[in-house]
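Below is one structure, written out as structure tokens, with a few remarks after it.
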Amino acid sequence: MGKINEDKVEAIKEAHDIVDTIGNYIEVKSSGTSYKALCPFHNEKTPSFMINRDKQIYKCFGCGEGGDVLQFVMKMENLDFIEALKLLGEKANIPVDTEDNISDQERQETKQLYEINRIAGLYYYKNLTSSQNKGLQYFKKRGVTSGEIKAFGLGLAEDRWDGLLDYLVKNNYPKETIEKTGLILKNKQGDRYYDRFRNRIIYPIFNTRGMVIGFGGRVLDQSLPKYLNSPETKIFNKRKILYGLNLAKKNIKDHQLILVEGYMDVIALHGNGVKNAVATLGTSLTKDHGQLLKKYANEVVVAFDGDEAGVKATLRSIQILENEGLKIRVLSLGKEEDPDDFIRRRGKEVFYQRIKESPNHIEYQIQNIRERYPLNSTEGKVDFSKEATKLLRKVKSPIEQEAYAEELAKELSLSKGSLLIEIRGKNQKQLHKKFSNQADYTQTKEGSRSSYLYTMPSIEQDGHIKLEKLIIKFMLDNENQIPFIKEHVEIEDFSIEAHQQVVRYLFYQDQRSPTDHELQDHKDLLDEIASLDRQEGEIRKILEDYLYNLKKYKLLYRKKILEKQQQEHLASPNFEKEEVDRILLKIGMEIMGINKELQSHQLKEGRDQDE
């Protein structure tokens, strides 16, 4: 990824007046030399959100949020720095390239692909909304409102071979370029073009920046295929796109997204107030989809159809979401209803209640296994218990294993001990060997990194380390604020040994110049820190994010240590059963306490974001 020129960042910010930009999102009123509004980041009745046009900054004196135009868009659109920069860059006609060696020709071609898709989307939308037609009749029959049609840009491809083609050519787009969007194709003879989408209702597909990148179409007659998507292009890959995410990302509550199967499910849910729903584009969930969901949520509610195909898709999706470390719930609405039908018939409140009552992915899979065996026979109980315990071997926490084993024991009239042996016994030696071969989390590479850092995903490690550097930069630039930092952070909290040495010097030396002899060994580090731009956030926000990560991952690290101790005691032949049980109970109680604290920590973060 290429480095973005800082002058370009400033040019993009200068192209967007902060008052006008914020005014596009919320109502802004003049207040003397400044402007004020009700804060969009927390609930309030009296405006405490102030905007300063001269300084091009905003500040809420209620919740503390503040920054420049870029930070406002990041917060409002739930975008990262690069995504927000691209969004504002496109509006100002300033290209933002994150790839090295991109040519002007490639840049211009990509821009044209976006333009053609946008114009095609408007063409389809006007076809649908300008007069009564089969498309409108279809949507009306499905209960789709005019507001939903507008929000999702729904459209109609007429029953013509060249309707869109003629329209785009008249707008001076060459056929060869239009072909690269996948909207038109060549005939078998290769001597003429025709429209890909004909006699279909059209679902524009947007990226997270709200740009049309492709289309989906459903037939209005009996022709096949029933559903058709744009082919893969330079700007469209359906394996990496989730339908509705451009809207859902602005409406995520409790770090949760709802994953459904089809366009109509997403539209119906959003139209009825459940605005955090997304769908794949007629494909199975992919690893890329899982990573995209992880970027925006901690928990995914899988709400696929209840038929056999939907169950199979749910089980496949669970595997992918598990691999991404996401929490998973499965919402089953029965074989006769999908989310579209359910929400329109029963409403938002009942839908949310069903989510609250929905099982997690382990409970769902056990229920799925249960339905395949007759539990009124001994053979059925044995087969069910074997398959269920096989599933539970994948559960990492011994406490969770015990809880599920206890429930199964009650249901099957078996002893919990026999089920635990089935779960752990066959792989106990391998488990112990695997665990023993893992690096001891109290050891660090060359003693240079704190142990808790290794419980972080690699991407978050980089972000956490950068936060440390920004805190150090703040102290170097603001010596009088060092006591403030000292109140909140200890030297040992810093994850890199070199960072600790610099911070120790800053905390306890009167002369804090980075050129002092004691810091000469860290000259490269200090040069790097000096070059950092703190535009990503004010120090209080940086410190808040850093302390949040610090607490969360120290708890996870402690939990990892305890889980290792659990495995060692379970595998050890040197203890009596009573002693093992006593130790496991003590460890289990501490893990439960950590889990509760992590849960509370996460809820607090959610509340802070909602306020």
> What net charge is computed for the residues neighbouring Val278, neighbours being all others with C-beta under 10 Å from the C-beta of Val278, Lys and Arg scored +1, Asp and Glu -1?
Replying inline: 0
> In what order, largest first, do Tyr508, Tyr546 sit by accessible area if the probe radius is 1.4 Å?
Replying inline: Tyr508, Tyr546
> Given +1 on the Cβ of Lys and Arg, -1 on the Cβ of Asp and Glu, and no further charges, what dipole in debye does segment 144-260 carry about its Cα centre, rounded to the nearest 20?
Replying inline: 400 debye
>> Tell me the accessible surface of Tyr505 in square angstrom (1.4 angstrom probe, heavy atoms of protein chains only), to the nearest ten.
In response: 20 Å²
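For segment 1-122, with every protein chain kept in place, what is the accessible area per residue (1.4 Å probe, Å²)?
Values: 6760 Å² over 122 residues.
Result: 55 Å² per residue.
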>> Per residue of segment 548-564, what does 6.51 cos²θ - 1.76 cosθ + 1.60 with θ = phi - 60° give for ³J(HN,Hα)? Whole Hz please, x for Gly and Pro, Karplus curve as stated.
In response: 4, 4, 4, 5, 4, 7, 5, 5, 5, 5, 4, 4, 4, 4, 5, 5, 5
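When Lys and Arg each count +1 and Asp and Glu each count -1, what net charge do the other residues less than 13 Å away from Asp17, Cβ to Cβ, add up to?
Working: positive: Lys13, Arg53, Lys55, Lys91; negative: Glu14, Asp20, Asp54, Asp68.
Neighbourhood net charge equals 0.
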> For Lys175, Lys381, what's the largest-to-smallest order of accessible area, 1.4 Å probe?
Replying inline: Lys175, Lys381
>> I'd like the accessible area for Thr280, computed on protein heavy atoms only with a 1.4 Å probe and all protein chains in place. Round to 10 Å², please.
In response: 10 Å²
> Summing +1 for each Lys or Arg and -1 for each Asp or Glu, what net charge is found among the other residues whose Cβ lies under 10 Å from the Cβ of Tyr263?
Replying inline: -2
> How big is segment 29-90 by Rg and Dmax over its Cα atoms, in Å?
Replying inline: 12.2, 35
> For segment 7-59, which semi-axes, largest first and in whole Å, follow from the square roots of 5 times the eigenvalues of its Cα gyration tensor?
Replying inline: 22, 12, 9
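The values are calculated or read from the model by the stated rules, or taken from the named source; none is laboratory data. Predicted, not measured: the structure shown is a model, and the values here were computed from it. Every residue, glycine among them, receives a Cβ derived from its backbone with ideal geometry; neighbour counts consider all protein chains shown. The area values use the complete protein model at the heavy-atom level, side chains included, leaving out ligands, DNA and RNA. Shrake-Rupley method; radii C 1.70, N 1.55, O 1.52, S 1.80 Å.
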